[in-house]
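Nothing in this text is a laboratory measurement; each read-out follows from the coordinates by a stated rule. Keep in mind it's a predicted model, so treat the numbers as computed, not measured. As a convention, Cβ positions derive from the backbone with ideal geometry for all residues, glycine included, and neighbour counts pool all protein chains shown.
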Ligand code: FES
Ligand code: FES
Ligand SMILES: [Fe+2]
């Protein structure tokens, strides 16, 4: 499917906002410049957080055939950087600015078999794919993992749509996902589409490599917003620029450096391209690599980090990282 | 919207199978060809599967067709060496240890059928192989022949117009297949949602040079009059197979007995390239003297000469259209086949949102 990424901004009117779980709201929008939506698409939404213009990416969960109505689903978690609260505050009749659909995670039609794997709110990125695969009568399984059923959106709808093709793994019901077993059962011509927290993604990527499966058949989308550790406030120092900044738990190191006046290079801002890489000169703490740019080997070395997503953590005092920028 | 007659440069549906190449053109070299406005890099995997990728690298859009094939099914960008598999998924990024998760180029649905490689550049979820137009005479048992491709600098619809009305043979192809009975004889037009048929019979006429030669290939020394037929089968959006032939006059061909004649099929499928250019794939198939490679070559070369006359006219016509933007088309009764073709195409364009909806016809008061 053609990946189209020309950013066209438009207005959108909220026509529905309702709670799906205590922490997830479904938000239906009527965009002013509707276009047909392909599976794997997301929109970027312009929001104001703490007086600053900012943007967030949300997958399109479902849409009408003509794209005149698109639905997002937004999780508000303690780790959210303020965008979710704004989104949760939207009510019917409110207006927002958003892009036309962007596609970084295109579904390819024509694979022999598919596994769609969603962890938690990651279901928003793959549920439209499942609908399309059902429509073209592909062989697919939708695997949906969550901690507890009360926190998993759309379970009933997915069961109705996909029947036996839906496999649920619910932590507190004693049916957690065994990643090694799942990946071990995958055959050569299967494509796996994955969206979920970084722990799940790392586990699947590791199992995929160990199973000797074809790397290109593992496809995933990351919005670069989850890590192995809870975000913590830390200090970043840039001696060459004579700069020091405090990175709060809800901002990124890149944002903090920009706010402190550093001229930073970046592109994706979600841990994929590696353009925001900084050299780590000194480290008081440990790096929580949240990117998908570095290999496992590179992450074990601690000389570099992608400052758009990755963070620094310690057990006790405030962690400090001293860096050199490009 | 502009109505059928005055829409002089017609857009093309995207949700359709178009021929991208002959079977023999798709091999372990990379072919660069634009289909329905989409530049493609076309090749065959080591397993023989045809592949059509967007001809623009994910990274900086360098044309992949300038790259090289690697491994069993891959292609390497000529610029910074990113490699993709036949699904269009990046398989290696030379300067890093991981693969960017968004690194893909579109891989378009492809079907190889009737000696052609067909590609679908529209919505891939609609790309049903059963929608490939019927060109079965291309490789069915009992038929043989060969053809060529013409790159024509005109809107594809002008070629369809040309093939849907063969009265032009009398004027444009007077030395080979033209004869005055063509414009004098009656024809019958019919249509369905996806097809248009124009049928014309000329009874008890002297065969023109092309058909006399064909009759003598099958019936050495043949003299006399023939019954001649042209049955034009259009299948949307742009395939036209023309059942043509002559039989000894009065031997029952109009009633279905073609045993005393020669039968050919002029196979034409027109792939829009851009708005004013198209790839015109054609072949002349026959169902007699299958063993003769000489006849195959003679027919291909003979038809090729005839089609050169069409090509020259089509280019001149497109130039005149562009030079006279304020002049409109008018229609004749002989255009009924071509006008049905336009209407079927315009309905598809409308369904794809490529044509504004037709105004509701004014009700006469
Ligand atoms: S900006 Fe792309 S990885 Fe940070
Ligand atoms: S343009 Fe293809 S690798 Fe850079
Ligand atoms: Fe002609």
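Within 10 Å of the Cβ of each residue in B:91-97, the mean number of Cβ atoms contributed by other protein chains is 3. Relative to the longest principal axis of the Cα atoms of chain A, helix A:198-210 runs at roughly 80 degrees. Counting only DSSP beta bridges with both residues in the stretch A:181-326, the antiparallel share comes to about 75 percent.
Stokes-Einstein diffusion for chain B, with the hydrodynamic radius set to the Kirkwood value over Cα pairs and evaluated at 25 °C in a medium of 0.890 mPa s, equals 110 µm²/s.
Taking only the alpha carbons of the stretch A:98-196, we obtain Rg and Dmax values of 13.5, 41 Å in that order.
Which residues in the stretch B:189-231 place their backbone N less than 19 Å from a point set 7 Å from the Cα of residue B:301 along the Cα-to-Cβ direction? Label zone hits: B:209-218. Between helix B:293-323 and chain B there is an angle of about 80 degrees, using the helix long axis and the longest principal axis of the Cα atoms.
Estimated from the Cβ-Cβ distance and a Förster radius of 56 angstrom, the FRET efficiency linking residue A:65 and residue A:240 is about 0.55.
Only Cα sites of the stretch A:1-150 enter the Debye sum here, all with the same form factor; the resulting log10 I(q)/I(0) across q = 0.17, 0.20 1/Å is -1.00, -1.33, listed in q order. Please compute, over every Cα-Cα pair in the protein assembly as shown, the percentage with a separation greater than 46 angstrom. Every Cα pair in the protein assembly as shown considered, those over 46 Å come to 34 percent. Under 13 Å from a label point set 7 Å out along the Cα-to-Cβ vector of residue A:297, the amide N atoms of the stretch B:71-109 belong to B:96-98. P(r) tail, the stretch B:94-141: Cα-Cα pairs separated by more than 15 Å, 59% of all pairs.
Expressed to the nearest 5 percent, the antiparallel share of DSSP beta bridges inside chain A is 70 percent. When Rg is the radius of gyration of the Cα atoms in the stretch B:17-121 and Rh is its Kirkwood radius, what does Rg/Rh come to? For the stretch B:17-121, the value is 0.96. Inter-chain Cβ neighbour count for B:107-115, averaged per residue, equals 1 (cutoff 10 Å, partner chain atoms only). Per-residue Cβ neighbour counts within 10 Å put A:166, A:182 in the sequence A:166, A:182, beginning with the fewest. According to the Cα-based calculation, Rg over Rh for chain A is 0.96, with Rh computed by the Kirkwood formula. The alpha carbons of the stretch A:172-282 stretch over 53, 33, 23 Å along the principal axes, in descending order.
Round to the nearest 10 and give me the degree value, 0 to 90, for the angle of helix A:123-135's Cα axis relative to the longest principal axis of chain A. Orientation of helix A:123-135: about 30 degrees from the principal axis.
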